[in-house]
Structures are given as C-alpha cells and as structure tokens.
Amino acid sequence: MKRVVIIGNSAAGISCAEALRKKDKEIKITILSREDYTGYNRCLISYYLAGDIKEDKLVYKPKKFYSENDIELLLNQKAGRIDSKKNQVVLEDKTRIDYDYLVLACGASPKLPEIKGIHKKGVFGFRTISDAKGMLELLPITQTACVLGGGLIGLKAAYGLKKRKIEVKVIVKSSQILSQILDKESAEMCKRRLVENGIEIVSGSQAQEIIGEGDCRAVKLDSGKVIAASIVVVGKGVKPNIELAEDSGIKFEEGVLVDDYMRTNIPNIYAAGDIAQSYDPILEKTAVNALWPNAIEQGLIVAASISGENKKYPGSVGMNSVEFFGLPVISFGITKTPDGFEEIALKDIRQDIYRKIVLKNNVIKGAVFVKKIENIGILLKLARLKVDVSGIKDKLLRPDFNFSFTKDLQYDKEEVYI
Amino acid sequence: MKKLYYNSKKCTACKTCEIVCAIGHSPSKDLYTAVLEENVALPSVRVYVGQEENYPMACRHCQDHPCVQACIAAALKYDPQEGLLFDQEKCVGCWMCVMVCPYGAVRPDFRDSKSVRCDLCVDIKDPRCAKNCPTKAILYVEEKR
Amino acid sequence: MAENKFYGDSATQEMRQVAEDLGIQTVWDRELLQQPHCGFGLLGICCKNCNLGPCRIDPFNPNGPKLGVCGADADVIAARNLLRHITAGSACHNDHGRELTKAFKLAAQGKAPGYQITDESKLKVLAQEYGVKVEGRSPQDIAVDLADRIFAEYGQQEGELVLIQRAPKKTKEMWRKLGIMPRGIDREVVEALARTNMGVDNDYRSLMRHGMRVALSDGWGGSMIATELTDILFRSPRPLDSRVNLGVLKYDQVNILVHGHVPVLSDMIAQAASDPELIKLAKEKGASGITVAGICCTALEVLIRRGVPVAGNFLQQELALVTGVVEMLIVDLQCVMPSLPNIASNFHTKVVSTSPRAHFPGSEYVEFKEEQGYEIAKKLIQTAIENYPNRNQEKVHIPRATENLISGFTTEYIFEMLGGKTLSTYKPLNDGVAMGRIRGVAGVVGCDNPKMQSGETHIKLIKELLKNDVLVVQTGCAATACGKEGLLTPETAFKYAGKGLQEICEAVGCPPILHMGPCVDNSRILTACCEIVGAGGLGVGLDELPVVGIAPEWMSEKAIAIGWYFVASGALVIFGQPFPVYGAKNMTNFVTKEVEELTGGKWAFEIDPLKMAKITIEHMNSKRKALNLKPMMYQ
C-alpha cells in the first residue's frame, strides 16, 4: 500500500488529501501539522480578530473530515528534515515516517525584521489562530497597537484591532501602503479610508527596537520617536518555509521550485501552497503567489499528479480581494505599469471608484478595481489565458463591462448565450 | 444537470427575471412585501443591455467553479448533480468569488457582506427566471458540453 | 385551465368549462398567459410619459437606476402615473354625466321623444341647488335651464361645484384649506394631464393633492350629476325583486344583452322590448318572448329601475356569449372587453356597438342617437329577433344557476325606509350606530378580477362584516357577485348578520346589504353619508363617520378615482391588490398614512378578505371611540 505524507495541514495539504482520497480509496494518507488545530480557515483569522465571526466559523475541516476520509492527522508534529534517499521524513523527535510520495505543503512564515526585542511577548506575526488569540488576550491591557509594515496582512490586523477599539498606528517606511498588490492611486484610496476610520499611518519611518521587560511595551522608531504599544504586529510579508528543502537536495529559490505538475526536482516529492514557486502566466516566470485559492488549486494538481492523472497547472497568479471599512478593492497581476506596458484607467475620486487595467501587447497583465468590483473575474480569466483583447480594449473600462463583451473572443469558456 | 441558457436575441431586457428572482429570494416571497422589506432582496440574475441583444447572467454552476477553490470561508461546494451549493451562513463577504468568477456572475451584497448567487431556485426546483420569462429567452435545459 | 379555474360562482365555473371545450379563450386564460404581470408596472415605477424614456426605477438592485432620465424619482413617477389613472377614471364618470345631461336636455326640449322627465320633485330639488328658478315653470323649462347650468359647470374655470355643497361644512372647509375644492369638471381633468407631462409638477404631494381634486370633481361632480339626472329621467329607484346570473337567459326566448354603462341606451332597449309588435315578431320566429338582460353596470341601471334581470358581472361578459343563446349583444362603453366580437364569432351572436366614443372592430356599429332612441332600439331588437332562427342548437348551454335579489336602495329611499313616509329621517340609523347595534357602514364596491378570486373575495368579506354588525352598502359588479351568492335578500340578515344588525334589519324591514345601483351611483353613498352627518350624533364631518369603502377586486381606473373621492372625503378605502405605488416608498407612505392628516381618509391594501374585514372593523372601532359612542351592544 502506497503512502502519501503531506507536511502541512492547511489549504494545499488538505485539498490534496481530499482530492487524493476521492481518486484512490486504498492509498494511505498522513498529514503532519505543527499546529494544534484541525484544518481551519486561515484567512478568516482577521475576521475573528475583528469580532466579525466567532471561533466556530474558523473550522475548515473538523476531526470528522479526517476520520471519514481515512486521513491520518498528526498534530503538533514538526518535521525536522527529509531523508529523500530513504524516502523518510524525520520528525524533530527523531521519529521517522516512510513515504512513497511526499508533499511539501508547509506554508510560509511571517518575515520578522532583525531588530532588538522582536521576540518579546506581544509581538505577533499574523498568520495563525494562536496569533489572533494571543492578541485577543492582550486586548484588555492594550490601548495602542503598532503594525510594522503596510502590507496586506498587517493592515488586516490593523483593521481587526481598530474594530476592537484599539488605537492603531501603522509604521510604513515607504510612502505607499499595500505596495505589493496595489498601484499608487488605489493604495491612496485605501489609505484615505483607513485614516478616515481612525487608523494612523506613520510614514517614512521604521521600527528600530521593541522596548519592554519581557513583554512588549513600546516601539522605538528610527526617527527616535517612541510609541507606547503593548501589541506589535509584524506585517512585512511572508517567506516560504523552505528550511526542510535546504538540506535535502530539493531545489528552491524564494520558494520550492515546481514544474507544471507541481513536482520538485526530486521525482516523488511535490510542493504546493505558500511554499511553492510555480509558473505565473502573467509574469511569465516562476513566482511565489502565496494565496489561499492558489494553494487549493495546487493541492488538487498534486493529487492529480500522484494519482497519475497528470493535469497541467495553468499557473498561479497574484490576486487579492480586501475590504477596509466598506471600501472593497480587488487586484491581480501587475498593477504598477512598468515601461513597455500600457495602462487604461478610470477614476472617480469623489465616489472612490477606480478601475485600472495594465496590458502588454494587448494581453491583460493586471487590474485594480476599487468599490465597483463586479466582473473583474472576467479580466482575470482573460489574463491567465493570455487572450488578445485588442478587439474589446475600448470597452474594458465601461461601467457595464460584462461577460457578453467577450463573445467574439476565442478562449476556453462556456456557451452561455444561444 | 440542468442549467440556464439565454437566448440573447429574444431577451427584451424587461427584467422580469430580476424581479421574480429577487421576490423569490425575499423572506416574504411577495412583491408588495418584498419591496418594502428592510434589506430588499437582490436578484442573482442580472440583465446586461446590449446594442441589439440583451444578456441575462446568473451563476453558471460551471464545472470549473474557481469560486469554490477561492472561497476562504468554505462556504461553497460543487455537486455534479446539484451544481454550486452556497452556504450563505458561512460567507464572510471576502469577495474572492467575485475576483475569480470568469462570467461575472457572482455579485457582492455589501449590505450584509454576503455574495449573491443563483441557486437555481432549489426551493421550488424550477428557476423562476426561466419559468417567468415572458419571451422564453431563458431556457432551463440539460447542460451542453 | 390552471390555477384560477376554481374561482367564481358555479355558473361561471360551468361556463368556463364549456368555453374550454369549445376552444374559446376567456379572460382567465389570458390572465394566466400574462403572468407574471410586469413587476415594474405593478409597483408603479415605470414611466413612458416622454421620449427620454421609457424609464424604470430598479426596486431591488442598489446599483440599478433610481431616477428616470429626466431625474424623476420613484415617487414622482408613481405619483404622475397614479394621477393619470385617477384622471382617466374620473373622465369616464364625468363623461358619463355629460351624456346624461345631453339626453336630459334633449328630452326636456322634446327632441328625444322616447325620454320623459319622470321624477319632477327630484328635478325641482336639483334645479334649486343649481339656482334655477322653479316656481311657476314647467318641468321642461326648468330642465332646459338646469341642463345648461350643468353644461356650464363642465366648462367652469373658477369657483366651486354645485353638488359638492351638499357636503358637511367641516368637510368643505377642509377641501378649501387644502386647495383641493374642484373648480370645474373638465378643467381638473385637463389640468391633471398637463401636470403629469414631463417637467411640470414634480412634487408627489402636489400631484396627489390634484389627484384628489380630480376625484372630487368626479364623485361630487360628474358621477353625482349622472345619478341625479338618471333618476329624474328614468325614475328614482325603489327596492324591487329580480334575478341574477347567467341562468336568467332563456332557451326559448330571444335573448338580448345590454352591456356598458350609460342607461340612455339600456333603458330604451328595455322599454322597447315590451313593444307588442316586437313580441309578436318574436313569436312568429318561434320564440316564446324576448328577454333583455344586462351585463356590468348598465345592467344595474335597468335592474334598479325596471327589475331587468342581471345576466352577469364584468368577468361573465364573455361567458354570457358562450351560452350560445344570445341573439344580440348591445354595448356602449366602459368595461366592455375588446375580446367580445371575436368570441361572438363562434356563435350566431351579433355584437352591436353604439357609442361614437367606443368602437369595437368586428362589431356592427349603429350609432345611438337620443333623438331616435326608441326607433333605434326597436330596430336593433328586430334584428335580434330575426337572428333567433340562426341559433345553433348544438352550441347552446345555459347554466341553471340564478338567485333572487333585492336592489334599488337610494339615499332618498333610506329616509322612507327608516322613518316611514311621513317621518323621513336617518335618525334610526344614527341611533343604531350610536347605541352599538351597528358598528358602522361599509361600502363594498368595485369590479371582479381573475387575479383575485373572481368575485369570491366579496362574499368572504361581506359575511365577515355582517357577522360583526357592519351594515353593507353595495354598487357595481361587487354587488352582482354577492347577488349571485344569494346574499342580496332579507334572509341574509338571519343567516349572517350579527345580533345588533339583525335587530335593526328586523325593525326597519331591510336587508343587511343595500344594493344602491351601478358604480356611478357610488355618489349615492356620499350623499347618504351627508345625510348621516346631518341627522346628528355622529360628528360634524364626513371623516368622523365609522365608514369604510372597500373594492376588494378592483380592476378599472374608475375604481381608483372612486376610491380617491372617498379618501379625499375622509373615508378609509381598502383595495385588494394595491394600485401601482409600492415601488415608491414616500408615495406609499403618503397614500397609506400621510393623507390621513390632510383629509382624515386614507388607503389600505389587503388581499385577504378576512384581513380586510379586520382592518374595516378596527377602523370603525377607532372612529367610534373618537365619537365616544357606546360600546357594541352584543360583543
């Protein structure tokens, strides 16, 4: 009986396990998790922090799921290294687990800046239930929280804390927030909305030191300014958990490199989710697009590869949907127009409406929609399939842009109108 | 499974489908009550008006269903017989489904942060839009593939 | 046939089956094909008044259009539409009044030999109201002057209407204060159309105030004139017996149906049908006689004066033809379905249209002129008789169902009924209300409608009202619906009325439901209300009375106009299905709440007959409380 070992119990690992079990009733499936929870909706922790949902809503897969699907779930187990010669995972407690197929779905971790005091109690990356719970525990004694960095996760934490009536100051080195996913205009709109709702954005500085006796008490900025804060959230992005790959001969760059079938360079080892660096059809090179939807899809691709179905992965795309205080923003691909690219945009600052599309050689390379977010998925599909949109370029920004506008474009789509 | 298809030539954009959809998904299911409800029900079908033809659009219940993969709240499931199953209770309004829907058929309802999508009128097992289209421009027939 | 199959009385159901077997499409079939009725239309939020549009307000989608191209919001659109509905309805009644005035004048001048002035005392009363000198003058002279005064009132530009002066002082003061006292009859209609043009009146409240003024010009103008002159010309009704429902048609007689609204035609047909010459001719053709029966309101005109039987109400007009025994259908105007000539083409039935205002392709057009009224009527009947042998005996089917009914209760007759000839007074009625035997008076009126229950709503409603000691007055097709159920008989008091109401009926000797005539005679309800106020003890304005008007199955714009003249006069009016307004929140609030602060009247919409009754009873109770009346005697 073949055995699949999946390291990581989140989107990629679970979707892989579930799909595998659907295809193969016999195969033995083991999931290893460092955490103490069955699968949960990782992306909902900001909603949980904000108090928008209760903890029960975080449950993605209850215990029952694992038993029903005959999946062995080993919680609180950290893989120490991979012995790819012997096809074994070595746990930190030296236990060895044999595998026929290994799936690296161990995700990513927050990037922590190397500053003094970064490991003090009260400093959080914002990625796990424990992070959210840790913050919630500190709420009663917290007046002010500091978010280091203007990235998506940090701002989501800022939003959640603000909704809990905590003073929030976001420390950003550059002048733009959300610089990884938004262009200047849309970022400005978000920033304005955050500021209007009482979140302070401190630009042009970065944290130099976390001050406090064991517990975090304040943040000292490079400007010399000291901000009292008992919660600090580090929102400077994440890095793939590639430590396992490092000594085991698995090739990696930023993340573990995979081919169109999510295979690493070692034949029976696969990677999926936030750890994987896969082809990005928009960037036309490999990239780590650490996102829930990508992770799910990649897990399915891995399952297809292991079961011999060999489904080709169309590639991952960077895409995000966020909403701050009633201002929804969706973006994907390239949002800051590089040289040699074309952009079309429509802006109504007064109403907070913004639509921008970036193209290259009449192929959509990215888009940002603010407030009026409907129908952006049509553009995403056109971008992923690299469809030449020259025939409808003048219509792309129309407020009533909809699927029927693509009727003369040839690409993989369903027949809707007869 | 049966799916909705639209004859764009026959559609006069009368929006009867939108109205019967909204009423059918309102708590009262009665026109006069529904329009006065606090949060009026939103139609999950929407008619886009074109130059010569008109284009209704509702969830395709497509076999690819990228929305299911994108949903961060596990509110969506796909069943080959029943199509997309949406657990509105679980929806948190993250709009990831809006982001990935290649048909633009899922729409956000910002009032209570829930997405709005066609459920093929499971309650009566007969989509109201097709049943009530005065020009029979909306067809409910076996999936074409 | 589908969902609406089981609605309607037994004769209706029977004939619907016959129609289906013959492959004839009727109003019920067409209603099903029309479902769902356009939601925008039902909500009153589509506007096609100008070519910027047509525009629609999206009632559900927050991103959908909330303003028309011109900028009109849902309230303005709904208000303009509604004002046009009121205006069209009032125009019908006002024009009806004009027709009567014309016939009246021709009769007075001796130019229309078939018509006479039959109620001279009523003529004198009316002439005096209009300031026409009465003493020492012949009825004819008085009538000519009166007719001219009335014609002048149609074109009057300033001042106030004459008959509206009948209203209590408090009510008139209210109208003056609101600026809704009608100034002339035609001018309010014309002004309404001007106001609803693109870019004229853009305030829904102002539009609705004018709507009330138009409606008042109908109820206290055109309609009341029609009622009064009809009484003078064709006699004032007094209660009489007759029969109702399709079973009044006869296998062995020449059957002639009159359908429409203006008695100038129908009364003449009824009169001529008893001409011995014609009866002789009918016998020669093998018939045993001539039956004239009526459909819709013109039926009720000849019913209340001549006891002519009623073949059916609005929804039965097609079914009457499906019996295959109708030699001729003679129509004038209003509520006459365009489908009739086509249905008649399945049979030997001739359809004759008579009004220059109302043409029906497929019918024979014989213009009816008062000057030759009798001859024309005779000629038509003769043609009908000659058509008798053409009847296809294989296609005849008359349902058995008929019922007795009593009708013909007028404002004036109620005096007599209550007080006897010598002691004419409304006092016993007022006392009955004040002492708690009668809870109040409900007018259950209007049309029947396949969207509702094809007449059944009335029956369920009225039984509930009677049980709760509500005295019911009726007009129009609603009355016919109840007649078909056998409710318009004195026995109804024992079967359905509450104890208090029963006692009154017994003491006075009247049925608990008073049939007052066709829908134009809703004006009688207004004058009766004035008499109630006049008799004292129940307040000083119409708005204080425990009175409710209900049109459970309304369909015509005329019903909207009637409803509004009651609301403007201070009554609660209940419609089954709402008129098109629900898509406009402020307008809905205005008609159902705000207007009460202005006139004391307001609208309620409720489809369920039992809930309608509940609203009625609660409203009467609150009015009773405000008047400090005794609690209901038997509760």
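None of the figures in this text is laboratory data; all of them are computed from the coordinates on show. Here the structure is a predicted model, which means the values were calculated and not measured. Note: ideal-geometry Cβ built from the backbone for every residue, glycine included; neighbour counts use all protein chains shown.
Annotation: the antiparallel percentage among DSSP beta bridges lying fully within chain C is about 20. Give the shape of chain C as rounded, prolate or oblate, defined through the alpha-carbon gyration tensor: a ≥ b ≥ c are the square roots of its eigenvalues, a/c under 1.5 means rounded, and otherwise the shape is prolate if a/b is larger than b/c and oblate if not. The shape class here is rounded. Here's the picture: a label point sits 7 Å out from the Cα of A:His119 along the beta-carbon direction, and within region A:234-258 nothing has its amide nitrogen under 15 Å of it.
Round to a whole angstrom and tell me the spacing of the C-alpha centers of region C:580-624 and region C:332-346. Centre-to-centre (Cα) distance: 35 Å.
Overall, the anisotropy analysis places region C:300-388 in the rounded class: the square-rooted eigenvalues a ≥ b ≥ c of its C-alpha gyration tensor yield a/c less than 1.5. Ranking A:Ala228, C:Gln116, C:Gly362 by Cα position along the charge dipole of the protein assembly as shown, where only Lys, Arg, Asp and Glu carry charges on their C-beta atoms, puts A:Ala228 farthest toward the positive end. The magnitude of the dipole of the protein assembly as shown, with charges of +1 and -1 set on the Cβ of Lys/Arg and Asp/Glu and taken from the Cα centre, is near 2700 debye. For peptide B:60-72, the mean count of partner chain Cβ atoms within 10 Å of a residue's Cβ comes to 5. Under a model in which nothing but the beta-carbon of Lys, Arg (+1) and Asp, Glu (-1) is charged, region C:406-626 shows a dipole of about 340 debye around its Cα centre. Each label point was placed 7 Å from the Cα along the Cα-to-Cβ direction; for C:Tyr251 and A:Arg81 their separation is 11.0 nm. Modelled spin-label separation between B:Leu36 and C:Asn346, with each label point placed 7 Å from Cα along the Cα-to-Cβ direction: 4.0 nm.
Take the Cα coordinates of region B:3-126, assign each an equal point scatterer, and use the Debye formula without solvent to give log10 I(q)/I(0) at q = 0.12 Å⁻¹. Log10 of I(q)/I(0), two decimals: -0.46.
Sorted ascending by nearby beta carbons within 10 Å, beginning with the fewest, A:Ile334, A:Ile45 become A:Ile334, A:Ile45.
Of the beta bridges in region A:1-150, as assigned by DSSP with both residues counted there, near 40 percent are antiparallel.
Taking a threshold of 30 Å on the Cα-Cα distance, which of the pairs B:Lys131/C:Lys558; A:Lys78/B:Lys114; A:Lys381/B:Lys77 fall above it? Going by Cα-Cα distance, B:Lys131/C:Lys558; A:Lys78/B:Lys114 fall outside the 30 Å limit. The stretch between A:Lys165 and A:Ser223 holds 18.2 nm of extra length on full extension. This uses 0.36 nm per residue minus the Cα-Cα distance. Label separation (C:Leu67 vs A:Asp394): 2.8 nm, computed from points 7 Å beyond Cα along the C-beta direction.
Around the Cα centre of region A:326-406, unit charges on the Cβ atoms of Lys, Arg, Asp and Glu (plus for the first two, minus for the last two) sum to a dipole of about 120 debye.
Rounded, prolate or oblate: which one fits chain A, using the alpha carbon gyration tensor with axes a ≥ b ≥ c (rounded when a/c is under 1.5, else prolate when a/b beats b/c, else oblate)? Oblate, because a/c is 1.5 or more while a/b does not exceed b/c. In the distance distribution for region C:3-56, Cα-Cα pairs more than 16 Å apart total 58 percent.
Between B:Leu120, B:Leu36, B:Leu76, the Gaussian network model of chain B with springs among Cα atoms under 10 angstrom shows the greatest mean-square fluctuation at B:Leu36. The stretch between C:Gln17 and C:Lys427, if pulled fully straight at 0.36 nm per residue, gains 142.6 nm over its current Cα-Cα span. Can you spot the lysines whose alpha carbon is less than 27 Å from C:Lys350's alpha carbon? Ignore those fewer than 8 places along the same chain. Within the straight-line limit of under 27 Å, C:Lys350 reaches these lysines: C:Lys250, C:Lys280, C:Lys283, C:Lys285, C:Lys369, C:Lys378, C:Lys379, C:Lys395, C:Lys484. Of all aspartates and glutamates in the structure, those lying under 19 Å Cα to Cα from C:Lys467, and not within fewer than 8 positions of it along the same chain, are C:Glu456, C:Glu485, C:Glu491, C:Glu503, C:Glu506, C:Asp608, C:Glu618. When the Gaussian network model of chain A links Cα atoms closer than 10 Å, the mean-square fluctuations of A:Arg398, A:Arg34, A:Arg193 top out at A:Arg398.
Partner shielding of A:287-298 amounts to 3, given as the average count of beta-carbon atoms from other chains within 10 Å of each residue beta-carbon. Based on alpha-carbon atoms, the Kirkwood radius and the radius of gyration of region C:183-270 give Rg/Rh equal to 1.19. So how far, in whole Å, is the C-alpha centre of region C:455-529 from the one of region C:80-109? Taking the Cα centre of each part, region C:455-529 and region C:80-109 sit 28 Å apart. Look at where the Cα atoms of region B:1-69 and of region A:64-139 average out, and the two centres are 45 Å apart. Which Cα, out of B:Val100, B:Pro127, B:Tyr5, lies furthest along the positive dipole direction of chain B (beta carbon charges, K/R +1, D/E -1)? The one lying farthest along the dipole's positive direction is B:Tyr5.
Packing, as the average of other Cβ atoms within 10 Å across residues, places the peptides C:7-20, A:399-412, C:43-56 in the order C:7-20, C:43-56, A:399-412, highest first. Counted over the protein assembly as shown, the DSSP beta bridges are approximately 50% antiparallel.
Compactness of region A:326-406, taken as the C-alpha radius of gyration over 2.2 N^0.38 Å, stands at 1.01.
With the cut-off at under 19 Å, measuring from each backbone N in region A:292-318 to a point 7 Å along the Cα-to-Cβ line of A:Lys2 picks out A:298-313. Applying 1/(1 + (r/R0)^6) with r as the Cβ-Cβ distance of A:Ser109 and A:Lys63 and R0 = 35 angstrom yields a FRET efficiency of 0.85. A dipole drawn for region C:507-635 from +1 and -1 charges on Cβ atoms has a positive end, and of C:Val533, C:Pro631, C:Met620 the residue lying farthest that way is C:Pro631.
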